[in-house]
Amino acid sequence: MFETLFIGFIFISVGGFVAIFILSQLFFTVQQQHVAILQTLGKFSRTCGAGLHFKIPLIESVAGRVSLRVEQLDTMVDTKTKDNVFTKVRVSVQYFIEPSKVFDAFYRLENPHQQISSFVFDSVRAQVPGLSLDALFERKDDIAVQLKTDLDETMSGFGFSIYRALITDIEPDQKVRDAMNEINAQHRLKLATIEKAEGAKFQVVKAAEAEAEGKKLQGIGIAEQRKAIIDGLRESVEKLQSEIHGVNANEVMMLVLMTQYFDTMKDVAAHSKTNTLFIPNSATATGDLMQEMRMAFMQAHEATKATKATNDAGKEVS
């Protein structure tokens, strides 16, 4: 009795496991943005999109699943420029599988990533050697456009569509980068030196202009001062002549000059910190000074008369 029950339990357990296995083989699910590839006895039969699906156990099998999302493949290409600079070009290719060409994408390529990388190497190495390093940096977008065009033409037959191709980085050899940085630093230093020299030149020019303007104004001031002194002397002479009869202009001028001389001495004595030039100021010295002034006036008067006589004689002869 016990053995019968045990055998029955075994048959029921095996039957349960078989039923569960068969049910698990009857149904399967596919995630969103994915496609399942079904084969019947090893031969492609159909594709299944997202959702719950039915298949014949032991007859049909899921050979694989393909993602329809946009994927990115990063590749580093070692190449040489036209000016013999070895550099690394980092390329990012964004691609996706076209839903209508899932069969080609799954069956025709053994390793899509490796084969796309090979086409990237071929396209980049066909373009970069014809450009200098500077031109490579300037035209990296043009290279990316041409790369996308080349990949589209090649990969469309395998069910892949290229969304975008990007040149994300260009890495020349370290020595070349150091040299480029040094050139850039020297160029900026040269510009800084030029700007500094221009600034110094501007300061010198402005200082010279200011000095010239100051001297001009100083000259105008001196001229105005002298004019005022002459006008004052003229008024003093005319006033003394009008009030004191019998006094000539030379005597009045000497008196005015002596008065200014003593006013100057008084002003010097009133300022203790004034830089002073001492001149003789005794009674004898004062008399000598007046005599020298008198002689100077007389000589000037005689010179004026002689010049006038010479001019008059020249006029008569003519």
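The values are calculated or read from the model by the stated rules, or taken from the named source; none is laboratory data. Remember, predicted model here, so these are calculated numbers, not experimental data. Methodologically, a virtual Cβ is constructed for each residue, glycine included, from the backbone with ideal geometry; neighbour enumeration extends over all protein chains shown.
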message: Which of the strands (runs of 3 or more DSSP E) found entirely inside the stretch 58-145 contain at least 1 residues meeting this: more than 28 Å from A36 (Cβ to Cβ) and assigned by TED's automatic domain parsing to the domain that holds L166?
response: 71-80, 86-97
message: Against the condition in contact with a Phe, Trp or Tyr (Cβ under 6 Å, 6 or more places away or on another chain) and surrounded by 13 or more Cβ atoms within 10 Å (Cβ to Cβ), how does V85 come out, does it pass?
response: no
statement: With the first residue restricted to the stretch 171-182 and required to be within 13 Å of D134 (Cβ to Cβ), and the second required to be of a type in the set (F, W, Y) and surrounded by 13 or more Cβ atoms within 10 Å (Cβ to Cβ), Cβ contacts under 6 Å at 6 or more apart or on different chains are none
message: Just to check your reading of the model, which residue among S132, S161 is touching an Asp or Glu at 6+ places or on another chain (Cβ under 6 Å), among the small types (G, A, S) and modelled with pLDDT of 90 or more?
response: S161
- request: Quick one: in the stretch 93-129, of everything that is touching a helix residue (DSSP H, G or I) at 6+ places or on another chain (Cβ under 9 Å) and of a type in the set (S, T, Y), which residue is modelled with the highest pLDDT?
  value: Y95
- prompt: Only one of (1) loosely packed, with under 13 Cβ neighbours inside 10 Å; (2) over 29 Å from L109 (Cα atoms); (3) not polar (S, T, N, Q) is not met by G157, so which one is it?
  reply: (2)
task: Of the conditions (1) over 30 Å from F103 (Cβ atoms); (2) in contact (Cβ under 8 Å) with a residue 24 or more places away in the chain; (3) out of contact with any Asp or Glu (no Cβ under 8 Å at 6 or more places or on another chain), Q186 clears all except one; give me its number.
output: (2)
